[in-house]
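S.K.: Can you read through this structure? Questions will come right after.
The values are calculated or read from the model by the stated rules, or taken from the named source; none is laboratory data. Everything numeric here is computed off the predicted structure, so don't read it as measured data. Using ideal geometry, Cβ is built from the backbone for each residue, glycine included, and neighbour counts are taken over all protein chains shown. Areas reflect the complete protein model, heavy atoms only, side chains present, ligands, DNA and RNA absent. Shrake-Rupley method; radii C 1.70, N 1.55, O 1.52, S 1.80 Å.
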Amino acid sequence: MTDTPEHLRKMPDPRSQTDEEHHAYALRARAERRARAEAIGVTPEFVSRLVDSFYARIRVDAMLGPIFETQVTDWDEHLGRMKRFWRSILFSSSEYSGNPMRKHVVIPGLGREHFVHWLELFYATLRDESANAEAVALVGERARMIASSMLTGIAIHREGLAGSRAGSDLPRP
C-alpha cells in the first residue's frame, strides 16, 4: 500500500514523454481537478458568489476594511481579478497572472493577526455559501495555504529566514 494519492500514481514517467504528451496530461489533470471540484459544488458561479460575499464583508470589517480601502482603487476590477485568481487556484485555469506577494509585502504593519482574521472571515463566508463539507474543506484549505504563503513571504521579507515558519499555525477551516 502506498501513501501516494491516486491521481499521482497514474502519472506517467515524465522522462519518457514528448512535449505534446506533457501538454495533454496537463490538460487532462486540469479537467479532472475541475470536475472533482464541480462535483462538490465548487463551480465558477460558486467562486463568483463567494468572492462577492467575502469582499462585501471585508469592506465593512473594522480591521481589514481600512487596509483594503487604501489598497483598492477600483472594486469592480479587484473583484474580477480575485475571481480569476480563485478560479486559477481551484481549477488550475491559468487565467490569473499577477504577483500577489509584491502587493502584500509593501503594506505596512500587515501581520499574523490580519491573516488570522482574513481566514476567519473567509471561512465564515465559505460556510454561508456552501453547505457541502467537502467544498468547505477544499476551498478552505486552499485559502489557508494562500494565507500561510503570504504571511511567510512577508515575514521572510522583513525578518529573513527567521520568518520562514510564520504561517504554520494559522487556523484551519
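S.K.: Of the residues that sit in the range 112-167 and are touching a residue at least 60 places away in the same chain (Cβ under 8 Å) and outside any helix (DSSP H, G or I), which one is nearest to Phe85 (Cα to Cα)?
M.R.: Checked the range 112-167; the qualifying residue nearest to Phe85 (Cα to Cα) is Ser130.
S.K.: Now a separate question. In the range 50-72, which residues are part of a helix (DSSP H, G or I) and open to solvent by 70 Å² or more (accessible area, probe 1.4 Å)?
M.R.: Arg57, Arg59, Val60, Pro66, Glu69, Thr70, Gln71 - these are the residues of the range 50-72 that are part of a helix (DSSP H, G or I) and open to solvent by 70 Å² or more (accessible area, probe 1.4 Å).
S.K.: So, in the range 74-91, of the ones that are at pLDDT below 95 and surrounded by fewer than 17 Cβ atoms within 10 Å (Cβ to Cβ), which residue ends up nearest to Val136 (Cα to Cα)?
M.R.: Ile89
S.K.: Only one of Arg81, Arg57 is more than 13 Å from the chain's Cα centre (by Cα) and among the basic types (Lys, Arg); which?
M.R.: Arg57
S.K.: Among the residues that make up the range 129-149, is at least one of them farther than 27 Å from Ala39 by Cβ and either open to solvent by 30 Å² or more (accessible area, probe 1.4 Å) or of a type in the set (D, E, K, R) (or both)?
M.R.: no
S.K.: Can you confirm whether Ser97 is modelled with pLDDT under 95, closer than 25 Å to Glu32 by Cβ and in a helix (DSSP H, G or I)?
M.R.: No.
S.K.: Out of the residues in the range 16-49 meeting the condition of being assigned to a loop (DSSP other than H, G, I, E, B) and at pLDDT below 90, tell me which one is most open to solvent (accessible area, probe 1.4 Å).
M.R.: For the range 16-49, the residue satisfying everything is Thr18.
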